[in-house]
Amino acid sequence: MIQHPGKTDVGEIRDRILDNGIVLDASARLSRIDLTIASRVVVRDSSDRGASSTSAAGAGDRPALRIVQKAFDAWNDHDVERYTALLDEGYVGETHLTASTLRGPEDARRAMKSCLDTLPDLRFTIESALTVGDDVLVSWRALPSQVPGCTVTRLQGRKIAHTWTYWDAPNGLQPTAPALR
């Protein structure tokens, strides 16, 4: 469960994801003989209300997924320049635990450097990913803390235009304070 101390509730996070073109659809059915519950998740491009258009991680033919993978590789290599080179000049980065929004590659550069200075061992393991057109939803785990989270990335052309990042920890990716003796 995504926890957020006093700023955003889970419903608001869900609504923000849904507002950004990802539609989750759940259904249930009853059979005549036994009670059967079937559920499904459908991810659709918000401009296409027809058939779903999804792809799981590992779909090497998806350019958007390859670009997002390069972004995670740059983070794991702690390569700030390689990461910011993937960003659109109008890049916007939002994180559910922070009030400030990143605007442009320079803001992202400063934020990444600060994060890596604070958490020098930070790495991300991608657990799964879905692509819908130019949108990519990645479920990840931050190491060494094992904090789970997800990032929704919207591309424009072949550049990252917007990211929404959510993690399942009250203090985000903050390092654990050492115990006082």
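Near the amide H of residue 95, within less than 5 Å, lie the amide hydrogens of 165, all on another chain or at least 5 residues away, with H placed in the peptide plane. Across segment 79-148, counting alpha-carbon atoms alone, Rg and Dmax equal 13.1, 35 Å. How many angstrom lie between the Cα centre of segment 103-143 and the Cα centre of segment 65-92? A separation of 8 Å, based on Cα centres.
No value in this document is a laboratory result; all are computed from the given coordinates. Bear in mind the structure is a predicted one, so any value in this text is a computation, not a measurement.
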